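The block underneath contains the structure these notes are about, expressed in structure tokens.
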Amino acid sequence: MRLGITVVLLGVALVATARAELPPQPTWGDWVGDYTGKLAWRGCGTPGEPRATVALDAVEGAMSIELVNAGGGLRAMSLVEEERGWSAQSGDVKLRITRARPNTITLDAEVGSDCRLQATLVRPTTKHAACDRLIGWTRIESKCAKSVASPLEDPAKLMQESRAWKTRAKGTLATCEKRATKLAWTMVDVGCAPMPDPQASVPGPRCQALDQALGKLRRCGNLPPDVMRALDGVMSGPRTGADATTRAAVELACSVRVQELARVAADSRCPI
């Protein structure tokens, strides 16, 4: 009975920890697209447009944003990737782009010494994160001249196909995820997208310790099978992340799991 209570409490603790974990770093496919919204100009002698659509694109492995539609003398700017966003500078214009939420970006630009542009812009969405990502990667592929093979996706056909996607269909989500992943790696291979952080596939020491402890516990004959199945469920979760900030949060969650697993092992007299 005590062991069962421990497993229940373990599940509650891990749910609370999971809430504190950060979302994964967006890929280039999550960024590119046409973003529309209101523009707020402050302190500007000649402000630009009150509303505009700007294009964020990746061409031949370089990210840029086209701001000509915003007015105010703004033009296209090459972007430099930063933690959770992008920055750019051209002459007396300084720009910072962050991702407020999926399919939404915020612009903060200093145009000279007194003029400032701020905006929250939104790109169209299919209501499926993976399908939005697929559309983004398809746009990147369409602008990639380095690939000699036949394109994996056709932008026009994909847009037509997307009209039939159902909002909560698991099959649609799985298909988009598979196609987006394949397309992303193809773009990396031909040089039209950057290689992901190599540490993104390497679990940290606390997550490695968690997997080792789970392996030992599975080999313990004192642990009832139903308890082991319950443990497998609550111990599932990410072991690494796409960026350093996410990996630190995942490591913290694994550390909590290791401590709780040690309590379960002690209750069941299983050495780990």
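Considering only residues that are polar (S, T, N, Q) and surrounded by fewer than 16 Cβ atoms within 10 Å (Cβ to Cβ), which ones fall in the stretch 54-87?
We begin by selecting, within the stretch 54-87, every residue polar (S, T, N, Q); these are 64, 69, 78, 87.
Residues satisfying the conditions are Ser78, Ser87.
Could you check Leu214 against (1) surrounded by 15 or more Cβ atoms within 10 Å (Cβ to Cβ); (2) in contact with a Cys (Cβ under 9 Å, 6 or more places away or on another chain); (3) under 30 Å from Asp267 (Cβ atoms) and say which number it fails?
Result: Leu214 passes all but (2).
Residues Ala13, Ala18: which one is closer than 30 Å to Leu134 by Cα, modelled with pLDDT under 95, of a type in the set (A, V, I, L, M) and assigned to a helix (DSSP H, G or I)?
On the way: Ala13 fails: closer than 30 Å to Leu134 by Cα.
Result of the check over Ala13, Ala18: Ala18.
So Asp226 passes all but one of these: (1) closer than 27 Å to Glu82 by Cα; (2) outside any loop (DSSP other than H, G, I, E, B); (3) charged (D, E, K, R). Which condition number does it fail?
Every condition holds for Asp226 apart from (1).
Quick check on this structure: which one of Gly37, Gly72, Gly91 is of a type outside the set (A, V, I, L, M), touching a strand residue (DSSP E or B) at 6+ places or on another chain (Cβ under 9 Å) and modelled with pLDDT under 95? Before you say what the answer is, go through the steps one by one.
Values: Gly37 fails: modelled with pLDDT under 95; Gly91 fails: touching a strand residue (DSSP E or B) at 6+ places or on another chain (Cβ under 9 Å).
Result: Gly72 is the single residue among Gly37, Gly72, Gly91 that is of a type outside the set (A, V, I, L, M), touching a strand residue (DSSP E or B) at 6+ places or on another chain (Cβ under 9 Å) and modelled with pLDDT under 95.
Which residue out of Thr53, Thr98 is among the hydroxyl-bearing types (Ser, Thr, Tyr), touching a helix residue (DSSP H, G or I) at 6+ places or on another chain (Cβ under 7 Å) and either in the same structural domain as Gln118 (by TED's automatic domain parsing) or in contact (Cβ under 8 Å) with a residue 24 or more places away in the chain (or both)? It would help to see each step written out before you state the result.
Values: Thr98 fails: touching a helix residue (DSSP H, G or I) at 6+ places or on another chain (Cβ under 7 Å).
Thr53 is the lone residue from the list that is among the hydroxyl-bearing types (Ser, Thr, Tyr), touching a helix residue (DSSP H, G or I) at 6+ places or on another chain (Cβ under 7 Å) and either in the same structural domain as Gln118 (by TED's automatic domain parsing) or in contact (Cβ under 8 Å) with a residue 24 or more places away in the chain (or both).
The values are calculated or read from the model by the stated rules, or taken from the named source; none is laboratory data. What you are looking at is a predicted structure, and each value in this text was computed from that prediction instead of being measured. Cβ sites come from the backbone with ideal geometry, for glycine too, and all protein chains shown count toward neighbours.
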